[in-house]
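The values are calculated or read from the model by the stated rules, or taken from the named source; none is laboratory data. Keep in mind the model is a prediction, meaning the values are calculated, not measured. Please note: Cβ atoms are built from the backbone with ideal geometry, for glycine as well, and neighbour counts cover all protein chains shown.
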């Protein structure tokens, strides 16, 4: 069951990184919606790493849709899709078949299943996120009222400061790092280049904002909006932390500082501050959703490392294959996709239980 | 559906904070396990605030079990339980019926449901966690191999440093704040007292470790161990952030520093460091699980606040009722409970998919 | 997980027949609906056997609601309820603790769980249906457009013929057997009395019709309306068969006879015949839903029976306890309840995926 | 959500009858099992109609596996597969785009979704069962102890009598109708030929037995073994009834006749009769599972029929396309597949809740 997410709007993914294909099934799509498939393909293209920063793996990632559409209009039936794995190089991994790479899932996967895909990361590979991105780009299209924007906020010690109330995807995509501040982008690139040179990798923080979301989405107990968003984002490879609103920093504020006072803005209810990050008691309050996601430096480094093989014998590992020195820029559309999937589900759940469209 | 968590080991909760009772149903309990109900009651007692720190709400919280047991042994059927709400004081809330308290769920709940419980926080109240704690204390008993220990790590700016490999519940419970370092406990108490005096509230960080967990629990995609743990912990009232292992701090490390090298320790596989926090590719690796949870300062403060009522009219709010200046100490058993619930589910899921064949 | 039914409108039940209580939790209730609780209690009262036909077990079955309501209005939160078991007589069962009663679940339950409730049927007892009836009487109230009527159609070889397009609960309740035809009722009573006299039991068929259901509820694949209705009704104790529309009898017709031709009736689409039983391709077509449910004769008979004990030793069993000679009359409200629960779920699922209320 | 079945062993299907492909995803497969894919292909081949009886639609139905296997061994990850629709003839359906065919899902599908696949039956088409058959043939391979055999028991008024304790697939496949009694097979063929000649269709009954199933599978409440089997089988196109054990016929027996007395047979517990059909209180008792499934005559007949179009105008319908005069023979492997899927799920659920502790 761990290959599905959502309750009414439900996404299933399948595929190993070096198998024939990765793909997914999107269930619960409202019928009669004409999808812009070019937007879905564009989302996949955004996920492919820029040559200057990426792994060098060349995937064209052409989406093939198998079901659920008629003249690009949803039938209300499962939309299945796949993307062929065209550039898998299992040979790069032959030497690793019996090695437990540090901070990879080789050992833990074998501990669970007794075996693992001989090459690549199997299901835990970032390759699986192709399916998430396609599904997310579909989910977005049933949420026309919501604008979801992610960006690279930090790379290692380089920290940007962007205004979540105005940032756009256009801003973000203007910089190679997907940090929209040109000066910070330059610094980030320098850090990435330096790490790459050293055969090393760097991590960072992706932030994401959702504007235009009506109040009333989310559940008050286990499926709080932040809990389901956290679930979705912590399920991404390399993620080690998640924050909503003020996050860890908010623990340093007093209640009198942290509380978001309600006020009217014309006819609309809003809050003067947004430490809550757009969610109160698990339910959206109409203010922008604000999240942060921590990505560790990826585990595949070119420097030699000490580890053991599956016999327990110490060995020196030298990873070849193609790997990113920094995954943050390509993580941006993946983060956006997961957010869209979660919101689409809450939207349908809300409509099922509470009926009629949200009126804000 | 937002009132349930887990897939095979499944916990449902019910009850409004000022309704007749709160309670839950624990489904999926393996049959034939003799439960120590005194441990469950003790967990509920740990959740009741110490008088020096707590809200003054006096709940004896006596657990009543309605089903699922015979001579305290599980029948494999749903274990339903309830705890009566004996000390609800709806009158304290009469003046608040039409007021949207800052950073509470009053507004967002009405936006979703069109109405809300007139008094207390309804389902989003911390009162609901009574059911989680009882369920968690039951979950622990099907995980005899796992030792789950939570503690208060930070209160506002006071930060402790405890060794997750040795900390015990006995250590933790020796201090009123549940920070086991006596010197730090004293500083934390000073901060809490000062905030209380000022009619204000403080937040902080709870950390939790799980020792003794076997390798192999968790799923590689959407239900990664950290994703389901994050889901569970972000579903607690007042939580704004979650970290596994190195968390946000880990984004400042290079891959060469962050990677956890495998080595043998006698017959056992272990890693030299544990930046992964016991999870790799979503699956436990046999090292201690390490998590951190950020709690914002609670929203109910005694200081007057500006807000609006449900007509949009500005008003000055003065909260009475009984509220904690700091929830962190009583959050500790709640965090432990959620962790236990998640692990019990993964344990049964593992056994279902990967376990042995029936022999009868 | 086997203690829940439904996806959006979700009913959980708990309780052993001779434990402290039976009860349930109804999740997914739309908010803001004022429930008529007298109707729920009345449904429970209909389930209590008439003295002339029943088991002699005296349960007043008073419903206690624990959550989810404010001034009888749904909050959109889980509605938990319980009914105490006041008349359990475990002593009647003491002699049976090690006996596998024929056609009861004693053996199969032990085979699964390794143990079983020492007295009564545990979860598989008809006592559990108290919770279903309460939940169903709530479900009905979110389906004001649908009229659900069940009746006893056959007892052993006595077969009635009632018009599903006009039958009402008032008709049904006028006869002790809940077969609304007075002449057939008399024959059925004679059969039941004769069986009772002989220390034996009889089975029969309950039919159920739903009028007023809009077209468009149900799913085309695994959750066809008839599949989920069949699931719900086959989950009742003693049920061995289920039919929708023409059922088994329909297999004797040619396609040219069985096909239901569409025609207009004023502005409404209808079919000239209704062999489909109101469902086509898994989705309601606006015609009355028509179902039949086969109940075997109950297993508890007063006649001595040969069986074995849990050591495999042959013994002669003489059941005491209180048991019905015929459960059919009290099965009627239980069948209606299960139908209501299934329809409520499909209604919310429809609204979630397809939006707005069905307009037919 | 209506496109999935099962809880731990979970099958998702996708694909419209005249879209690019039909396929599915099998989740929850135990890892390390070497699958015999030839058996899966053989199951698909059994589903293709024999020329003498079938629809004339020529599908080679070649299975393509996209994920989940390495050297034919399960990785414990989702096994996705597809079968291309090679012989779809949408042109046959052009004239039907605005017609509501009698007893098809055209009208009800539009009532739900507002639109439908212009050609073929969309998701409700028997074409979707390709995915079920493939998934079922995989499910069987994790149940090596169980022997599942289905056969055609009745065609219209021709009724066979076969011994469920000895019947085999080899017997069944020796006759074109899949009724293993040669004399009855001849009569059935005569009936089918006669109906075909008349441009008409016939229905019938498929029976299925499972031998070798251990006692202890199933749940005592909503997910009784018979309830989940009934759900699965009633979700097949054209099914109008389901029986377990004595079914409707059993309602004519007295309790004293119907009860299955336990006895020892060597070391094994068995019952003298098997009116229960292998299930008591929802849980298997180790005796053969015995089921019957009623298939109505298929709705596509060559005879002209009166119906209306989507404007409500009366029209005379003359169906072309390729359709079976009798689907029963090809329903046999489909019934077996659904039974295997349900049993695989109960097997994993049993192991999850009741199985052994992890030893690593």
Does residue A:162 satisfy being touching a helix residue (DSSP H, G or I) at 6+ places or on another chain (Cβ under 7 Å) and touching a residue at least 24 places away in the same chain (Cβ under 8 Å)?
-> no
Check off (1) modelled with pLDDT of 95 or more; (2) buried (at least 24 other Cβ atoms within 10 Å of the Cβ); (3) in contact with a strand residue (DSSP E or B) (Cβ under 9 Å, 6 or more places away or on another chain) for residue B:169 and give me the number that stays unchecked.
-> (2)
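Just wondering, is there one or more residues in the range B:289-296 that are facing chain A (nearest Cβ under 7 Å), touching a strand residue (DSSP E or B) at 6+ places or on another chain (Cβ under 8 Å), surrounded by fewer than 24 Cβ atoms within 10 Å (Cβ to Cβ) and outside any loop (DSSP other than H, G, I, E, B)?
Here is the first cut: in the range B:289-296, the residues facing chain A (nearest Cβ under 7 Å) are B:294-296.
Going one step further and asking which of them are touching a strand residue (DSSP E or B) at 6+ places or on another chain (Cβ under 8 Å), we end up with B:294-296.
With the extra rule that they be surrounded by fewer than 24 Cβ atoms within 10 Å (Cβ to Cβ), the set shrinks to none.
Scanning the range B:289-296, I find no residue that is facing chain A (nearest Cβ under 7 Å), touching a strand residue (DSSP E or B) at 6+ places or on another chain (Cβ under 8 Å), surrounded by fewer than 24 Cβ atoms within 10 Å (Cβ to Cβ) and outside any loop (DSSP other than H, G, I, E, B), so the answer is no.
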Only one of these is at negative phi and at pLDDT below 95: D:235, D:284, D:246, D:310. Name it.
-> D:310
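Tell me which residues, restricted to the range C:92-119, are under 13 Å from residue D:283 (Cβ atoms), outside any loop (DSSP other than H, G, I, E, B) and more than 7 Å from chain D (Cβ to nearest Cβ).
C:106, C:110, listed by residue number.
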Residue check, residue B:279 against (1) under 30 Å from residue B:94 (Cα atoms); (2) crowded, with 24+ Cβ neighbours inside 10 Å, all met but one. Which one?
-> (1)
Could you tell me whether any residue of the range D:215-228 is closer than 20 Å to residue C:250 by Cα, in contact with a helix residue (DSSP H, G or I) (Cβ under 6 Å, 6 or more places away or on another chain) and buried (at least 24 other Cβ atoms within 10 Å of the Cβ)?
-> no
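Please enumerate the residues belonging to the range A:144-159 that are under 21 Å from residue A:343 (Cβ atoms) and free of Cβ contacts under 8 Å to residues at least 60 places away in the same chain. Quick ask: steps written out before the conclusion?
To start, the set of residues in the range A:144-159 that are under 21 Å from residue A:343 (Cβ atoms) comprises A:144-151, A:153.
Residue satisfying the conditions is A:144 alone.
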Is there a residue being under 19 Å from the mean Cα position of the chain (by Cα) and crowded, with 20+ Cβ neighbours inside 10 Å anywhere in the range C:83-91?
-> yes
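Please go through the range B:234-249 and pick out each residue that is more than 8 Å from chain A (Cβ to nearest Cβ) and touching a residue at least 40 places away in the same chain (Cβ under 8 Å). Steps first, answer last, please.
We begin by selecting, within the range B:234-249, every residue more than 8 Å from chain A (Cβ to nearest Cβ); these are B:236, B:238, B:249.
Matches in the range B:234-249: B:236, B:238.
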When restricted to A:270, A:252, A:211, the only residue surrounded by fewer than 22 Cβ atoms within 10 Å (Cβ to Cβ), at the interface with another protein chain (Cβ under 7 Å from one of its Cβ atoms) and in contact with a strand residue (DSSP E or B) (Cβ under 9 Å, 6 or more places away or on another chain) is A:252
Inspect the range A:123-139 for any residue being in contact (Cβ under 8 Å) with a residue 24 or more places away in the chain, surrounded by fewer than 20 Cβ atoms within 10 Å (Cβ to Cβ) and in contact with a strand residue (DSSP E or B) (Cβ under 8 Å, 6 or more places away or on another chain) and give the result as yes or no.
-> no
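Select, from A:302, A:272, the only residue that is more than 23 Å from the chain's Cα centre (by Cα) and at pLDDT 95 or above. Steps first, answer last, please.
Numbers: A:302 fails: at pLDDT 95 or above.
One residue alone meets the criteria, A:272.
Taking residue C:348 as the residue in question, decide whether it is outside any strand (DSSP E or B), touching a helix residue (DSSP H, G or I) at 6+ places or on another chain (Cβ under 8 Å) and facing another protein chain (nearest Cβ under 9 Å).
On the way: outside any strand (DSSP E or B): yes; touching a helix residue (DSSP H, G or I) at 6+ places or on another chain (Cβ under 8 Å): yes; facing another protein chain (nearest Cβ under 9 Å): yes.
So residue C:348 fits the description; yes.
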Considering the range B:181-208 alone, what residues qualify as being in a loop (DSSP other than H, G, I, E, B) and either without any contact (Cβ under 8 Å) to a residue 40 or more places away in the chain or away from chain A (no Cβ under 12 Å) (or both)?
-> B:181
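Considering the range D:120-139 alone, what residues qualify as being part of a helix (DSSP H, G or I) and either out of contact with any helix residue (DSSP H, G or I) (no Cβ under 7 Å at 6 or more places or on another chain) or within 12 Å of chain C (Cβ to nearest Cβ) (or both)? Step through it out loud before you land on a result.
Kept after step one, since they are part of a helix (DSSP H, G or I), are these residues of the range D:120-139: D:122-124, D:126-139.
If the condition is that a residue be part of a helix (DSSP H, G or I) and either out of contact with any helix residue (DSSP H, G or I) (no Cβ under 7 Å at 6 or more places or on another chain) or within 12 Å of chain C (Cβ to nearest Cβ) (or both), then D:122, D:123, D:124, D:126, D:127, D:128, D:129, D:131, D:132, D:135 are the ones that fit.
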So which residues in the range C:298-318 are more than 7 Å from chain D (Cβ to nearest Cβ), assigned to a strand (DSSP E or B) and closer than 23 Å to residue C:126 by Cα, if there are any at all?
-> C:317
Tally the residues that are more than 30 Å from residue D:118 (Cα to Cα) and in a strand (DSSP E or B), restricting the search to the range D:2-41.
-> 2
Restricting attention to the range B:279-288, which residues are in a strand (DSSP E or B) and more than 7 Å from every other protein chain (Cβ to nearest Cβ)?
-> B:279
For the range B:286-301, indicate whether the set of residues that are out of contact with any helix residue (DSSP H, G or I) (no Cβ under 6 Å at 6 or more places or on another chain) and farther than 30 Å from residue B:156 by Cα is non-empty.
-> yes
Test residue B:38 against the stated conditions and say whether it is surrounded by fewer than 16 Cβ atoms within 10 Å (Cβ to Cβ) and modelled with pLDDT of 95 or more.
-> yes
Could you figure out which of (1) crowded, with 24+ Cβ neighbours inside 10 Å; (2) on the phi > 0 side of the Ramachandran plot isn't true of residue B:328?
-> (2)
